[in-house]
Amino acid sequence: MRKSGEKGLRPNEQLFRAIFDNAQIGISFFSVEGRGAFTNRAFQAMLGYREEELSHPENWDKIVHPDDRASGAKRYADLQQGKRDHDEWEQHFIRRDGRDVFTSARFTLLRDPSGKPLYVASFTEDITERKKAEQERNRTTQQMQLVLNFTGQGIYGINLQGNCTFIKRAACDMTDYQANEALGRNMHSLVHHHRSDGSPYPVDQCPIYRAFKIGEGCRVEDEVMWRKDGTQIAVEYSSFPILEDGRITGAVVTVSDITERKRAKEALLASERLFRSIFENSQIGIGVFKIDSQQHISNRALHEMLDYTGEELSRVEQWDEIVPTEERVACAGRYADLIQGKRDTDEYEQHFIRRDGRIVLGNGKFQLLRDATGKPQYVVGLTEDVTERKRTQEALREREELFRTIFENAPIGISLFKIAARQYFTNRALHEMLGCTHEDLSSVEKWDRIVHPDERARGAERYAELLKGTRDYDAWPRTLDFQKIDRNDGWQHLGGKQLRHWQHISFHGLVWDRVGRNKA
């Protein structure tokens with residue numbers, strides 16, 4: 001029965017271990033006597049410490065934040081001493097990397113059958129992001145209160161004579177006048193007396209006064225007001241009549257300093273001019289497709305690449321003639337995925353048919369631009385003419401294939417040694433000549449077994465001179481002796497000639513079998 005019970009226990013232990021190790025919240029078991037602790041991966045990842053480090057109670061003094069240390073220790077002691085079986089509180093930890101971690105932890109005291117406390121189990125959830133969100137929400141609430149109490153807009157009131165009846169702090173800050181300097185004074189004469197060009201601003205032409213003269217509100221987006229020191233402020237303002245018992249008694253004026261906005265607008269215009277210059281003068285073709293209006297604009301490089309005007313390329317049907325029939329469906333499908341927001345980027349090569357009939361290969365990189373709500377707005381395409389590059393690559397590939405064919409099928413043995421990688425390349429003729437495989441000839445050490453002892457030192461010395469760059473070319477004046485590995489009839493005499501060192505990278509060696517010639 002006992003063995004049967006133990007067999008049934010093992011699967012349960014495995015199940016517990018799997019749950020413990022893979023749980024998404026931190027789990028720990030601490031002995032009440034402080035002799036041992038178990039923590040799962042989630043807890044270790046949360047705090048940035050290993051299980052071994054977390055098993056030592058003294059380490060927790062630096063992990064628990066000082067503000068929480070005393071209160072947390074007291075509540076934990078109550079659990080260890082059996083004064084309570086359950087508890088729950090928020091804890092503030094300091095990760096190994098110094099970052100703050102806020103957690104919500106639930107604790108349970110585990111007792112033995114006699115009721116004696118054994119372990120304190122904790123289940124700890126990382127609530128750092130939630131805590132940050134709460135802090136941000138509280139900060140936003142406080143900011144809103146400040147906005148209500150101290151609005152950034154300058155607000156002041158005037159009576160029917162245009163004299164100031166009240167003025168808020170922001171208006172004082174904006175004009176550098178104290179409230180007592182403005183109250184009772186004519187505000188047009190104080191802050192609105194000249195236009196931006198320095199010419200006088202007659203009060204009867206001032207829109208602010210229309211609010212109480214004829215009872216019409218106004219909004220003006222680009223004027224100036226004047227500070228106490230005589231400098232001007234770019235402003236927008238509104239003026240609306242104050243009605244008391246149906247009678248106009250004055251006006252309330254709201255003023256905003258738009259200096260930074262004007263600077264930003266000017267910077268935006270400069271940026272747009274810069275973008276337009278880059279767009280028009282770029283060396284690669286650029287196309288921008290506005291999804292809502294189905295409008296396509298393109299730059300000079302794309303026009304020259306395809307030999308079509310911007311007006312021609314703005315028509316969707318024109319692209320049906322430019323893109324070859326066999327690529328039309330696939331390219332249209334991928335472009336449609338961008339327009340529909342199914343993907344944000346794409347890159348592929350496609351052929352184009354120029355007006356003159358020539359075929360151009362373009363490498364296109366596409367980017368979907370969305371608005372603030374995530375709705376697709378534009379597709380930007382950057383197209384590089386890679387026709388010549390592809391031709392060059394194809395020619396290089398053909399030359400490499402030709403070299404490989406010559407190398408592999410040459411009737412004489414050829415070897416190439418890449419110095420930087422210490423890598424050997426050998427051809428089939430050399431393998432057959434020496435009775436070796438490529439693996440047999442793949443390292444300098446393996447050649448020591450092949451080169452005849454009488455020739456080993458001399459050959460190594462001359463080969464080393466080539467490796468060091470002491471000489472660029474060498475030819476052995478007499479026969480080298482190699483051992484043919486797959487034969488049992490002793491040493492075979494093979495003639496050798498080391499042709500040249502190529503770009504300090506590799507050697508070409510030509511080796512021919514002179515055994516038969518010598519025997520003859």
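The values are calculated or read from the model by the stated rules, or taken from the named source; none is laboratory data. These figures come from a predicted structure and were not determined experimentally. Positions of Cβ are generated from backbone atoms using ideal geometry, with glycine treated the same way; all protein chains shown enter the neighbour counts.
Worth a mention:
- The residue that is modelled with the lowest pLDDT, counting only those in the range 126-161 that are hydrophobic (A, V, I, L, M, F, W, C) and closer than 30 Å to ASP176 by Cβ, is LEU148.
- Pair list, Cβ < 6 Å and 6+ apart or interchain, from the range 274-288 residues that are in the same structural domain as VAL380 (by TED's automatic domain parsing) to residues that are outside any helix (DSSP H, G or I) and surrounded by fewer than 16 Cβ atoms within 10 Å (Cβ to Cβ): VAL288/ILE297; VAL288/VAL380
- Figure legend. Inter-residue proximity from the range 376-393: first residues within 15 Å of GLN350 (Cα to Cα), second residues among the hydrophobic types (A, V, I, L, M, F, W, C) and assigned to a helix (DSSP H, G or I), beta-carbon distance below 6 Å, spacing 6+ or different chains. Indicated pairs: ASP385/MET305.
- Some residue of the range 271-283 being within 27 Å of THR387 (Cα to Cα) and surrounded by 13 or more Cβ atoms within 10 Å (Cβ to Cβ): yes
- Criterion applied to ARG397, ARG391, ARG404 was being over 29 Å from TYR473 (Cα atoms) and assigned to a helix (DSSP H, G or I), and the one residue passing it is ARG391.
- Residue in the range 314-331 that is touching a His at 6+ places or on another chain (Cβ under 6 Å), within 16 Å of GLY285 (Cα to Cα) and of a type outside the set (A, V, I, L, M, F, W, C) present: yes
- Sole residue being more than 18 Å from THR124 (Cβ to Cβ), at pLDDT 90 or above, small (Gly, Ala, Ser) and part of a helix (DSSP H, G or I), chosen from ALA70, ALA45: ALA70
- Exactly one residue among ASP448, ASP440, ASP472 is of a type in the set (Asp, Glu) and modelled with pLDDT under 80, and that residue is ASP448.
- Residues satisfying the criterion are present in the range 333-350 (criterion: in contact with a Pro (Cβ under 8 Å, 6 or more places away or on another chain), in the same structural domain as SER293 (by TED's automatic domain parsing) and among the β-branched types (Val, Ile, Thr)).
- Taking the range 176-204 as the range and being of a type in the set (Asp, Glu), in a helix (DSSP H, G or I) and exposed (fewer than 14 other Cβ atoms within 10 Å of the Cβ) as the test, only ASP204 passes.
- Residue among LYS390, LYS365, LYS375 that alone is modelled with pLDDT of 85 or more, touching a Ser or Thr at 6+ places or on another chain (Cβ under 8 Å) and of a type in the set (D, E, K, R): LYS365
- Pairing residues of the range 190-203 that are assigned by TED's automatic domain parsing to the domain that holds GLN161 with residues that are in a helix (DSSP H, G or I) and among the small types (Gly, Ala, Ser), at Cβ distances under 9 Å and at least 6 apart in sequence or on separate chains, gives LEU190/ALA182; VAL191/ALA171; VAL191/ALA182; VAL203/SER189.
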